[in-house]
1. Among (1) hydrophobic (A, V, I, L, M, F, W, C); (2) surrounded by fewer than 21 Cβ atoms within 10 Å (Cβ to Cβ); (3) in contact with an Asp or Glu (Cβ under 7 Å, 6 or more places away or on another chain), where does residue B:181 come up short?
2. Name every residue in the stretch A:94-123 that is at pLDDT 95 or above and of a type in the set (Gly, Ala, Ser), in order of residue number.
3. Out of the residues in the stretch B:123-151 that are within 14 Å of chain A (Cβ to nearest Cβ) and part of a helix (DSSP H, G or I), which is nearest to residue A:72 (Cα to Cα)?
4. Could you tell me whether the stretch B:274-287 includes any residue that is free of Cβ contacts under 8 Å to residues at least 24 places away in the same chain, hydrophobic (A, V, I, L, M, F, W, C) and away from chain A (no Cβ under 14 Å)?
5. Checking residue B:159 against (1) surrounded by 16 or more Cβ atoms within 10 Å (Cβ to Cβ); (2) not in a helix (DSSP H, G or I), which single condition isn't satisfied?
6. Here are some conditions: (1) surrounded by 23 or more Cβ atoms within 10 Å (Cβ to Cβ); (2) touching a Phe, Trp or Tyr at 6+ places or on another chain (Cβ under 6 Å). Residue A:101 meets all but one. Which one does it not meet?
7. Tally the residues that are within 13 Å of another protein chain (Cβ to nearest Cβ) and either part of a strand (DSSP E or B) or of a type in the set (D, E, K, R) (or both), restricting the search to the stretch B:242-261.
8. Looking at the stretch B:310-334, which of its residues are at positive phi and under 19 Å from the mean Cα position of the chain (by Cα)?
2 protein chains.
Amino acid sequence: MRARPITAGSSPSSASDSPGEGRLMLHFEPAEYAARQAALDAAVAAEGLDALLIFAPESQFWLTGHDTFGYCFFQCLVARPGQAPVLLTRSADLRQAQLTSTIGDIRIWKDAADADPARDLAALLADLGLPATARLGVETDTHGLTAQNWLRLAAALPRARLEPASGLVSALRLVKSPAEIACVRRAAELGDAAYEAALPLIGPGADEAAILSALQGEIFARGGDYPANEVIIGSGAQALLCRYASGRRRLDAQDQLTLEWAGVWRHYHAALMRTVAVGTPRPRHLELHAAAEEALLACEAALRPGAVMGDVFAAHAGALDARGLSSHRLNACGYALGARFSPSWMEREMFYENAPAAIVPGQVFFLHMILMDSDSGTAMTLGRTSLVTEAGAEPLSRLPLALDVR
Amino acid sequence: MRARPITAGSSPSSASDSPGEGRLMLHFEPAEYAARQAALDAAVAAEGLDALLIFAPESQFWLTGHDTFGYCFFQCLVARPGQAPVLLTRSADLRQAQLTSTIGDIRIWKDAADADPARDLAALLADLGLPATARLGVETDTHGLTAQNWLRLAAALPRARLEPASGLVSALRLVKSPAEIACVRRAAELGDAAYEAALPLIGPGADEAAILSALQGEIFARGGDYPANEVIIGSGAQALLCRYASGRRRLDAQDQLTLEWAGVWRHYHAALMRTVAVGTPRPRHLELHAAAEEALLACEAALRPGAVMGDVFAAHAGALDARGLSSHRLNACGYALGARFSPSWMEREMFYENAPAAIVPGQVFFLHMILMDSDSGTAMTLGRTSLVTEAGAEPLSRLPLALDVR
């Protein structure tokens, strides 16, 4: 089937219909995309779906290379077994899809006071020959499909069987190919380099703003990407936070600085976390650091093929609770990583109590030990990213785990 | 009503119940937050709602200061007229809400294989005395409420009247207070400084990676924030894109570089856009730049109290179509700005054909002229942010509009 834009007004005359032709920015070989497509076709067919409506930017990127923040608007990639996928997006994303993805058939919906892109999607599905009563998997667990757009979708497809199917692509993309692992390793190098660029700036009187600029700037200077969520930087009482917030401060003579960042290459993340002691560390810093290091190593030992994610959480909780730190730890100690888009670099699979997901080679996980002692106002964190191999966890960072004191 | 965490396991013993106490990171005075609360109370009451379920991070930030990317998970702020708002969030965000917001009553839901935070929200609403049949406004047009979480919400509140109410807070936050305008002006200063840091690096053979590092690094170094979407940087054929994509290149001897960025202060954005000619500009660059400058000034002349957003789009289309450029422009020429969170710095209100929203003093808009000539492969963009005053548009950037050639 030939591409036929729904509205032709804003499509450039040089639009290409052939996947691969003029694609300047694909990061993987055609054979790799073909293999991913084949794996998804099998998964969609096994579920008995007529089509999968792909709304997650991570899924679109994995399947076709499509690289954009255009998912902030209604944007859907229609995948049917054995057929080339079809994209519905806004005019501002037409060239983006042409240059960054393998997608050959791109349809445009137009901004207007009465615009309803879900109706355009319904028309597209009919145009593709799908019956009104089709069984359609929908990625619902994604920031690429808001509640409002779900309601529009349900209204525009009243007779379709819409079935949440967020796990299909996300399960496939959990296990990385050799080419993806090369991206993750490059990301890990950028993460280490970023810390080494920032560390000399940390000390009494230092400005958090300069530290963040050096850390994130190093990743950009080496060709890396924005992280899918902001780097976490906080000192003093804010060192106990594990989210970014606006507002930089200067470090005190005796202080603590928590950093959580990620090297990012082709959107693949390799996350790291450290709390740096400024001045003379408190005894509590040393205690908590020793516990965090022990727990991290216990988690990495548990992170091996044959285990489930809950086993890794149990290692975390066991190590920390044995030291009487159960009230200072979080209810999760990490998550899967991959090529992620805003607002979060976390994949869906997390390490929490009894988490059932299986550990298999080729997966990439971030393990973070976060100990926040509110009574004494002491923060301590330690985290790094590992690749799962047949032999177990391979930490991808060459940074030492010892407490940095500046 | 006193705060009573749903699960106490991970709440720090120093949790404060009093708004304002120990709030280290509020960016506005208590009186300003009180005025916002009063305005929202009136709007919620006027709609006849029993409560508003606030899922948009921009709305939570505006109403209470709550500053986090924790909306990547289920997170809801319950606002009832005349009562203090109540937050339901994960344990990782408890301290974040305590330190960054005015919220005094924070409840926690816990990660688990069978976790359903929407059920926790239903229990919270019952605990607050709201009947099962309550009329609840819901912010549905936000990346803070995914389709999956909407489906959970609807299932957990089967008898409630759930009504989309995305416009209540977003309409209120469109008109900026003097303190907010001060943030926008500071953001505009950062945006100008970022360009001035990057411009000297632009030229034949320059690395896009170094340019991005300098531009974004300058904003961080001055205490600014991450933008809510990535800075757009592209040269060669990619200069015709208007989204970020991974992968940096070096500039050719004759080239073009498109940049769209924003100074960001306390999450308030002041966006800018430029295409820089590298080497000798093509005649088409000069033609398109002249058209873009004329169109931008026409839009700024149309951006005045009493007009609607469609009038500004008409000025844009009129100026460009008169020059025969209708097939090279976009279907929108800008949007409202404010304190925004990932994945987009765009407010909901956009300049498109017949857009009905009224222009009033205190609003802030980004106007972008984007001319992409696919036939010749020529890109030209020009954009800046204006404050609406009684006298009309006040551009907030001091950068010249002339074409930069490097």
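1. Tallying (1) hydrophobic (A, V, I, L, M, F, W, C); (2) surrounded by fewer than 21 Cβ atoms within 10 Å (Cβ to Cβ); (3) in contact with an Asp or Glu (Cβ under 7 Å, 6 or more places away or on another chain), residue B:181 fails exactly one: (3).
2. Those that are at pLDDT 95 or above and of a type in the set (Gly, Ala, Ser): A:97, A:101, A:104, A:118, A:122, A:123.
3. Initial filter on the stretch B:123-151 (within 14 Å of chain A (Cβ to nearest Cβ)): B:136-151.
Remaining after also requiring part of a helix (DSSP H, G or I): B:147-151.
On the way: B:147: 14, B:148: 16, B:149: 17, B:150: 17, B:151: 20 Å.
For the stretch B:123-151, the residue satisfying everything is B:147.
4. no
5. Every listed condition holds for residue B:159 apart from (1).
6. The number of the failed condition is (2).
7. Residues meeting the conditions: 7.
8. Scanning the stretch B:310-334 gives a single hit, B:334.
The values are calculated or read from the model by the stated rules, or taken from the named source; none is laboratory data. Because the structure is a prediction, the values reported are computed rather than measured. Every residue, glycine among them, receives a Cβ derived from its backbone with ideal geometry; neighbour counts consider all protein chains shown. To get the accessible areas, we keep the full protein, side chains included, count just its heavy atoms, and leave off ligands, DNA and RNA. Shrake-Rupley method; radii C 1.70, N 1.55, O 1.52, S 1.80 Å.
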